[in-house]
Structure formats: C-alpha cells, structure tokens
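Colleague: If you scroll down you'll find the structure; I have some questions about it.
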Amino acid sequence: MTVPATPLAEAAELADPWPVLAALRESGPVRRLDPRLRLPVWVVARYEDVLAALSDPRLSNDPHHAVALRSLLRGDFLSRSMIGTDPPEHTRLRRLVSKAFTARRVEALRPRVQQITDALLDRITPRGTAELVGEFALPLPITVIGELLGVPAADRERFRAWTDEVLDQPFDPQEDLARVTAARERMHGYLADLVQAKRARPADDLLTDLVEATDEGERLDAQELLAMTFLLLVAGYVTTVNLIGNGTLALLRSPDQLDRLRADPSLVPQAVEELLRFDGPVNPGLTRYAVEDLEIGGVTIPRGDVVLLAVAAADRDPDRFPDPDSLDVGAAGPGHLAFGHGVHYCLGAPLARLEGQIAFTQLLARLPDLALAVDEDALQWSAGGVLRGLKELPVTFTPTP
Ligand code: HEM
C-alpha cells in the first residue's frame, strides 16, 4: 500500500480511507508526506503517539508557527479563535464560553433537542424514503446550535453555504486562495452584521452574552468575538452531521449491531462512543505546528513544519483496541480520540453526545426496516481537510403514519 501525496486526496480513499490510514500507522511512528507539497506535513498515526502529541506543548494549535502559512494568515480573523491559539490566550477565550457547555447546562437542552428531532422525523416517517443527511443529520445540530447562539432561522441556509466554502480548503492552502478568501470575507461581513443586530436587540442567547462581554470589558476584542462566533457555529454542527451520517451508515453495514441496538436501546450511549471511534467525523485528523525542532519516534520534525495527528488512524490502532475494524455497540466505552485530548478537548462534547444519543434512539425507534436506498458505491463523501462525512444518505424504511 503506497502512502498518497495528500491523505484521502482521491475519492476512493475517501470512501474507504482505512487501508491508507493503516499503512500510515504501520509504516513507522512518523511519516513525511510527499515532499512536493509546498507545506512540509508529517503524519503521526499510532494511538500512543497521537495521545502524547495532543498534550505536547511543543505542538501548537496556532498556524502562525508555520512559516509557509504566515502570509496567508495576515488579517485572517478565523485564526483568532480558541482552536487556533495556545495558552494563555486559549485559556482566556475558552473560559468565556465554557460555562454554556457544561454537562448540566447541556442536559437542560434535552427536551428541546428531543422536540427538534421529533419534528424532523415527523416529516419523514410517513414517506418510506428519505435523504438522511439533508433531512435529518444536518438540520438537527444546525438548529440546536443556531438557537443556542441566537442565529435567526432564516439565515441558517445562507450561513451553511458559506461554511461549506470556507471549510472546503485544499490541503495545500496556497491553491485556490482567492476562492477561500472571498468566502471568508462574506462570512466576516455576515457575522459582523449579526453581532450588530444583537447589540441593537439583545436577547437571551449566547451571542448576546459574548457581545456584552466584549462591550463591557477587554476580555474579548471585536475580531475575537467574530472568530468565536464562527467557531461555535461551525464546530457546533459540521462534526455532528458526520457523527449521525457516518454512524447510521456504519450501523447499516453491520446489521447484527443495528438489531442489537434496536433490541436494547439502553446501549445507545455506548454505541455513540463506539461510532465515534469506528468512523468519527474528524478524519484523518487534527493539525498542529512545531514550535521547535522535536523528535517523535526517532524522527526529527523541524520547527515550523505541520504535523497531522491522525486520530482516525489512532482510533483503529490494534495495539489499543482489540479487533478495531469491527463495530461493537456494546464495547466498553470512551478512550477514543474523536473529541481530541488535552486543553483543546472538544468543548461541545456533552452537546454532541446528547444530540447523537437522541438522534440514534429516535432513528431506530421510528424508522423500522431501515435500509440503504442506493448501492454503497454510489455514496459520495465530502472532506473538508480534517473532516470526512457523507454528502447524502438515501434510505428506505417501512412508513408509519
Ligand atoms: C474542539 C470534535 C461537536 C465545539 C474539538 C476537537 C475535536 C472535536 C477533535 C479538538 C480540536 C483540536 O484539538 O485541535 C468534535 C466532534 C463532534 C464535535 C467529533 C461531534 C460529534 C462539537 C459541538 C460543539 C463543538 C456540538 C458546540 C459548540 C468545539 C469547540 C472546540 C472543539 C469550541 C475548540 C475547543 C478548544 O480549542 O479549546 N471538537 N466536536 N464541538 N469543539 Fe468539537
């Protein structure tokens, strides 16, 4: 198995990335991708190495450490978000919103998440066919995070189109720069208007809280506010769409596990963890930047280079998970790296778990005889650099009134 120039560059690799990820894991602790790439990228793919790297302060989340990226980042408001900064900036930014995502606060959202889920399924169940990404996996989290932040329902479609453009970055970001820059500017304009609207008409939502934090003190500046809003909105749904989409497909491909879950819905919380491990939204992995020369597994990674921590490969490492390529909805529980690890551990994990658990419980309860409506080869995958998910998931089931 040859290791490709860019991970998952080919459509076939997107449909079945596991042999490539296994090859990366087996080829050594660290692997340099094709040297023709303008950006030097190293891949770490074994569980223990990825876990250690995720809490190594020499590996920064701040892309400004990558010399080749600096000119691209000038004036880029998105790189001012918590996910693109290191402590102490990161600590300050994360603290501003962490209270909104505690397990207790998120639990209070349960009835509303349940209601949104039911309403989406009410439209689907009488029909017998559905496109589950567009009609269910996507509108569920986008509605939840949109309501939490206070994004008007009418704007969500527009916002989604821009997000797709912003996230649809080539692996070598110097290509197609004009397109990505234009999308970012549109997004910047939209978010600035949204903030203005909240200032004019404060509401009981997270964005109003953030605007007040910006206006009252110096805890958050204007650019940081826009970056935070973008991050929360985007991180709040693009990943969860893939959890529901990839997870449903994984269950359809393992009918024994689907039946087991249907027969015993108390397994759903465990099943969600297993689906995150088995085919999580973040694939191939998370990007870091070397702040100094550092050694991993005997290989020196020069300062300024990019390091891809392939969590999707780590989560199928046979040294960590017995029988990693089989889905087992009763498997013992977390330990997976789908939400990351260390200071950047997913802030929205409690919310994602809540949404995932409600989504799978209701899907199985309300769509009997769920089956794929197309040949598996016809399924299309999209990848936004670090994410991998189904574009569409056409299904059939027995209709219910
Ligand atoms: C960070 C995965 C859902 C908000 C992260 C990270 C991962 C991740 C791997 C770490 C990034 C890094 O280390 O560079 C996921 C997955 C989700 C999900 C798999 C769904 C299944 C959500 C939701 C929210 C959210 C619903 C809601 C707002 C965030 C934020 C960060 C983050 C704000 C940045 C945290 C920081 O930098 O300290 N997520 N996420 N995520 N996630 Fe999630």
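Colleague: Among the residues of the range 271-305, which ones are over 20 Å from residue 341 (Cβ atoms) and touching a residue at least 12 places away in the same chain (Cβ under 8 Å)?
Modeller: Residues satisfying the conditions are 271, 292, 298, 299, 302, 303, 304, 305.
Colleague: Of 231, 249, 220, 226, which residue is in contact (Cβ under 8 Å) with a residue 40 or more places away in the chain and assigned to a loop (DSSP other than H, G, I, E, B)?
Modeller: Criteria check complete, one pass: 220.
Colleague: May I ask you to list the residues in the range 232-289 that are more than 11 Å from the ligand (Cβ to nearest atom), buried (at least 22 other Cβ atoms within 10 Å of the Cβ) and of a type in the set (Val, Ile, Thr)?
Modeller: Within the range 232-289, 248 is the sole residue that qualifies.
Colleague: Out of the range 317-340, which residues are out of contact with any Asp or Glu (no Cβ under 8 Å at 6 or more places or on another chain) and at positive phi?
Modeller: Listed by number, the residues that qualify are 323, 335, 340.
Colleague: Quick check on residue 126: is it within 11 Å of the ligand (Cβ to nearest atom) and touching a Ser or Thr at 6+ places or on another chain (Cβ under 8 Å)?
Modeller: Spelling it out, it is not the case that residue 126 is within 11 Å of the ligand (Cβ to nearest atom) and touching a Ser or Thr at 6+ places or on another chain (Cβ under 8 Å).
Colleague: Considering each residue of the range 13-53, count those that are assigned to a helix (DSSP H, G or I) and more than 11 Å from residue 307 (Cα to Cα), and give that number.
Modeller: The total comes to 17.
Colleague: Right, residue 150: surrounded by fewer than 16 Cβ atoms within 10 Å (Cβ to Cβ) and either in contact with a strand residue (DSSP E or B) (Cβ under 6 Å, 6 or more places away or on another chain) or on the phi > 0 side of the Ramachandran plot (or both) or not?
Modeller: Considered against the rule, which asks whether it is surrounded by fewer than 16 Cβ atoms within 10 Å (Cβ to Cβ) and either in contact with a strand residue (DSSP E or B) (Cβ under 6 Å, 6 or more places away or on another chain) or on the phi > 0 side of the Ramachandran plot (or both), residue 150 comes out as no.
Colleague: Follow-up question, since we're still on this one. Quick check on residue 383: is it under 17 Å from the mean Cα position of the chain (by Cα), surrounded by 19 or more Cβ atoms within 10 Å (Cβ to Cβ), over 29 Å from residue 104 (Cα atoms) and at pLDDT 95 or above?
Modeller: In short, no.
Colleague: Does the range 344-358 include one or more residues that are away from the ligand (no atom under 16 Å from the Cβ) and either over 30 Å from residue 125 (Cβ atoms) or part of a loop (DSSP other than H, G, I, E, B) (or both)?
Modeller: No, every residue in the range 344-358 fails to be away from the ligand (no atom under 16 Å from the Cβ) and either over 30 Å from residue 125 (Cβ atoms) or part of a loop (DSSP other than H, G, I, E, B) (or both).
Colleague: Still on this structure: Picking from 15, 45, which residue would you name as being surrounded by fewer than 16 Cβ atoms within 10 Å (Cβ to Cβ), within 19 Å of the chain's Cα centre (by Cα) and at pLDDT 80 or above?
Modeller: 15
Colleague: On to the next question. So which strands (runs of 3 or more DSSP E) are wholly in the range 277-321 and hold at least 2 residues that are acidic (Asp, Glu) and modelled with pLDDT of 95 or more?
Modeller: none
Colleague: Right, residue 374: part of a strand (DSSP E or B) and away from the ligand (no atom under 16 Å from the Cβ) or not?
Modeller: no
Colleague: Which one is nearest to residue 393 (Cα to Cα) among residues in the range 18-28 that are of a type outside the set (A, V, I, L, M) and surrounded by fewer than 18 Cβ atoms within 10 Å (Cβ to Cβ)?
Modeller: The selected residue is 18.
Colleague: Further question on the same structure: What are the pairs with Cβ atoms under 8 angstrom where one residue, in the range 92-104, is in contact (Cβ under 8 Å) with a residue 60 or more places away in the chain and the other, located anywhere, is within 11 Å of the ligand (Cβ to nearest atom) and hydroxyl-bearing (Ser, Thr, Tyr)? Sequence gap at least six, or different chains.
Modeller: As it stands, the answer is 93/81; 93/85, since those pairs meet every condition given.
Yes/no matrix, rows are residues, columns are (1) assigned to a helix (DSSP H, G or I); (2) modelled with pLDDT under 95; (3) out of contact with any Lys or Arg (no Cβ under 7 Å at 6 or more places or on another chain); (4) more than 25 Å from residue 201 (Cα to Cα):
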| position | (1), (2), (3), (4) |
| --- | --- |
| 100 | yes, yes, yes, no |
| 118 | yes, no, yes, yes |
| 130 | no, no, yes, yes |
| 142 | yes, yes, no, no |
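Colleague: To continue, here is another question. Given (1) among the aliphatic types (A, V, I, L, M); (2) within 23 Å of the chain's Cα centre (by Cα); (3) more than 9 Å from the ligand (Cβ to nearest atom), identify the lone condition not met by residue 367.
Modeller: Only one criterion in (1) among the aliphatic types (A, V, I, L, M); (2) within 23 Å of the chain's Cα centre (by Cα); (3) more than 9 Å from the ligand (Cβ to nearest atom) is unmet by residue 367, namely (2).
Colleague: A further question follows. Restricting attention to the range 340-349, does a residue exist that is in contact with a Gly (Cβ under 7 Å, 6 or more places away or on another chain) and of a type outside the set (Phe, Trp, Tyr)?
Modeller: Checking the range 340-349: at least one residue is in contact with a Gly (Cβ under 7 Å, 6 or more places away or on another chain) and of a type outside the set (Phe, Trp, Tyr).
The values are calculated or read from the model by the stated rules, or taken from the named source; none is laboratory data. Note that this is a predicted model, so its numbers are computed, not measured. Using ideal geometry, Cβ is built from the backbone for each residue, glycine included, and neighbour counts are taken over all protein chains shown.
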